[in-house]
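The values are calculated or read from the model by the stated rules, or taken from the named source; none is laboratory data. What you are looking at is a predicted structure, and each value in this text was computed from that prediction instead of being measured. Note that we place each Cβ from the backbone using ideal geometry, even for glycine, and neighbour counts take in every protein chain shown.
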There are 2 protein chains.
Amino acid sequence: MSFGWEAAATDGAARAGLLQTAHGAVSTPVFMPVGTAGTVKAMTADQVRATGASVVLGNTYHLMLRPGADRIERFGGLHRFMDWPGPILTDSGGFQVMSLSALRTLDEDGVTFRSHLDGSAHRLTPEIATGIQHKLDATITMAFDECTKFPATAEEVESSMERSMRWARRSRDAFVARPGYGQFGIVQGGVDPALRARSVAALLDIGFEGYAVGGLAVGEGQAAMFATLEVTVPLLPAERPRYLMGVGTPDDIVGGVQRGIDMFDCVMPTRAGRTARAYTRHGTLNLRNARHQEDERPLDPACGCTACVRHSRAYLHHLFRADEILGPMLLTQHNITYYQDLMHGLRDAICRGELNAHAAATRAAWAAGESR
Amino acid sequence: MSFGWEAAATDGAARAGLLQTAHGAVSTPVFMPVGTAGTVKAMTADQVRATGASVVLGNTYHLMLRPGADRIERFGGLHRFMDWPGPILTDSGGFQVMSLSALRTLDEDGVTFRSHLDGSAHRLTPEIATGIQHKLDATITMAFDECTKFPATAEEVESSMERSMRWARRSRDAFVARPGYGQFGIVQGGVDPALRARSVAALLDIGFEGYAVGGLAVGEGQAAMFATLEVTVPLLPAERPRYLMGVGTPDDIVGGVQRGIDMFDCVMPTRAGRTARAYTRHGTLNLRNARHQEDERPLDPACGCTACVRHSRAYLHHLFRADEILGPMLLTQHNITYYQDLMHGLRDAICRGELNAHAAATRAAWAAGESR
């Protein structure tokens, strides 16, 4: 099984396709639930599968600290360790390490940092990050990059992007190719079209199985993010998958798909599920709100998840008010199910050549629902 | 459907039988998982069903405070509210209210107390407690009693028991009989055989669909508890179900079954599941212990739950160390599955007439396993 992506249909800039991997096929556009520490929070692996999710994300930073990459390797990799035989994409740890502002020091070779768990010292370089992802048995390995801070001066964005490109080459050199496995390079360059173009050119010169757009959804706003996609995505090779890292809200995802993105990940649906925030076809709602306490309706009558098929909004409200674990369990299942249904609808619309109308109707339903 | 229990087999004092209710049949001896606030903590209703559990317990005290008995009644009862169409037994609230020592005042008519949630004032009497359980649509309603404190003087135990018997008659008078529903009286009297006998006589004079033994597992120790069962249970009518309230460890349950008890409930397996303590055929173990961190074995190879079929001890250890919700989710499923398997084994052994040998082998396996 060789790793690769093939288009099934296009609609404007958007594409529907199939990603083939050593761990199974993935229909795109796809949303990947985040399984930070070897579990999609508050869900069993069976429950994740039941939402329709086909690929999950793991975090190198968290897993290298606990339980450790060597331990996971001894268990035969992250797939076996967490009971997820399907594809797993791992980040490189760069993003989390950069967020440790006070706890890390950056040099040309890599980053030294202290664990947020016990203060112990660790180091990540392109070679180490790539090696850890190999031990984790990641289906898709991400290049180690510097996630450029925001806001930053033009000079900072340029020098950060250039370092990331040097690190991308080192990451590629450290990557051990195996059939059905791939490595993605990450485009940086902030919101500057010229820097983004230089970054794409540098990555294409190296050559990866897929390309990610990094450094967005960090505070620049949706308009700037979409504008950056519009100048960046057309430069990427049509025959390779494209991944917009850490994005986003349902509306961000619809816009990303319209601009040619194939893959997304975000903690929003899982994190929101633990804080009583529901994503639905009719917009978002907060289940802690007292207006739900007598509401016999399901959260979303069109949804097939356990929370919607079996329970009332009043019951979900009660669970969150009583701080019952079942509240986060059911709402995380719902939110991930909704995100999967959203992607399914987008794929179908691309195949029918009706993406823009579908996107407009989807947004209209969110807007109409928000006042309920 | 009339409410009733029928023996299928006896073995010494032990009985295997079938309880018929408006909400389905229950094979006894049975363990009832505790669903305090309208949810068995950390489990979906489907997951509870998958363990083999056939009846769950709800707590009047918690439910009357939040979400309130009237609200649950408007939703068609607790069965619909929590998606548990099977039988539900509710306690009377007496036990929880008595534990609020500083927050409650007791008089002959009932108890006034303050909510642990918001300090609001509430009152429970035999009539109110019985009415609330009616609104909850409890399949089995418990009489409102005073759980005698332990230790207590002989005079305190006697006067407390006598008040509970007066309250038992008022509870019976307040009970609205419906086909397939039942009400249980609660035997009190501490560890005094004469008081227990007087309490049984008082309850039989009133007449209930079943009888519970209360006021045990409050600090008297297993030997005193078993001795009290040995003088109390033989006085109870053979044709009615017998329920030992709030008990207990697997060993307590085996001993209770050997002494003629049919029904049990306890928070232990669910609470232990949230604190990394596992009950298995080979004794208990604490999954936070570092000795599990490289252990590829399942928790219990004979168990069919998700935690045992899909995961290693090392993974469960990792989940608890990382404070992942999935740890309590999986271990609660396991512990309830183990308790159900334990009851299944006891029922089968009674039917084969081999309960004592089965109990001895079960205890020997726990003892042999504890040093692993």
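Summary of values
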item	result
Qualifying positions in the stretch B:303-339 - more than 9 Å from chain A (Cβ to nearest Cβ), out of contact with any Leu (no Cβ under 6 Å at 6 or more places or on another chain) and of a type in the set (F, W, Y)	B:Y338, B:Y339
Residue satisfying all of: in the stretch B:12-44; outside any strand (DSSP E or B), among the β-branched types (V, I, T) and buried (at least 24 other Cβ atoms within 10 Å of the Cβ); farthest from the other protein chains (Cβ to nearest Cβ) among these	B:V40
Selection count where residues are farther than 17 Å from B:S92 by Cα, among the polar types (S, T, N, Q) and within 13 Å of another protein chain (Cβ to nearest Cβ), scope the stretch B:45-67	1
Filter result for B:T105 (buried (at least 16 other Cβ atoms within 10 Å of the Cβ) and assigned by TED's automatic domain parsing to the domain that holds B:G215)	no
Given (1) surrounded by fewer than 16 Cβ atoms within 10 Å (Cβ to Cβ); (2) modelled with pLDDT of 95 or more; (3) at negative phi; (4) more than 14 Å from chain A (Cβ to nearest Cβ), index of the condition B:D70 fails	(4)
Per-region count, the stretch B:241-291, residues more than 16 Å from B:L216 (Cβ to Cβ) and small (G, A, S)	6
Residue in the stretch B:340-360 that is within 22 Å of B:N286 (Cβ to Cβ), more than 9 Å from chain A (Cβ to nearest Cβ) and in contact with an Asp or Glu (Cβ under 8 Å, 6 or more places away or on another chain) present	no
All positions within the stretch B:287-302 that are of a type in the set (A, V, I, L, M), surrounded by 15 or more Cβ atoms within 10 Å (Cβ to Cβ) and farther than 20 Å from A:L65 by Cα	B:L299
Members of the stretch A:308-334 that are part of a helix (DSSP H, G or I) and hydrophobic (A, V, I, L, M, F, W, C)	A:C308, A:V309, A:A314, A:L316, A:L319, A:F320, A:L326, A:M329, A:L330, A:L331
Lone qualifier among A:D295, A:D300 - being within 11 Å of another protein chain (Cβ to nearest Cβ), in contact with a helix residue (DSSP H, G or I) (Cβ under 7 Å, 6 or more places away or on another chain), modelled with pLDDT of 95 or more and assigned to a loop (DSSP other than H, G, I, E, B)	A:D295
Close pairs from the stretch A:192-218: first outside the structural domain of A:P237 (by TED's automatic domain parsing) and on the phi < 0 side of the Ramachandran plot, partner of a type in the set (G, A, S) and assigned to a helix (DSSP H, G or I), Cβ under 9 Å, at least 6 apart	none
Matching residues, the stretch A:303-314, being surrounded by 21 or more Cβ atoms within 10 Å (Cβ to Cβ) and out of contact with any Asp or Glu (no Cβ under 8 Å at 6 or more places or on another chain)	A:C305, A:A307
Meets criteria (out of contact with any helix residue (DSSP H, G or I) (no Cβ under 9 Å at 6 or more places or on another chain) and either among the acidic types (D, E) or not in a loop (DSSP other than H, G, I, E, B) (or both)) for A:P234	yes
Subset tally (residues that are out of contact with any Cys (no Cβ under 9 Å at 6 or more places or on another chain) and outside any loop (DSSP other than H, G, I, E, B)) for the stretch B:48-60	6
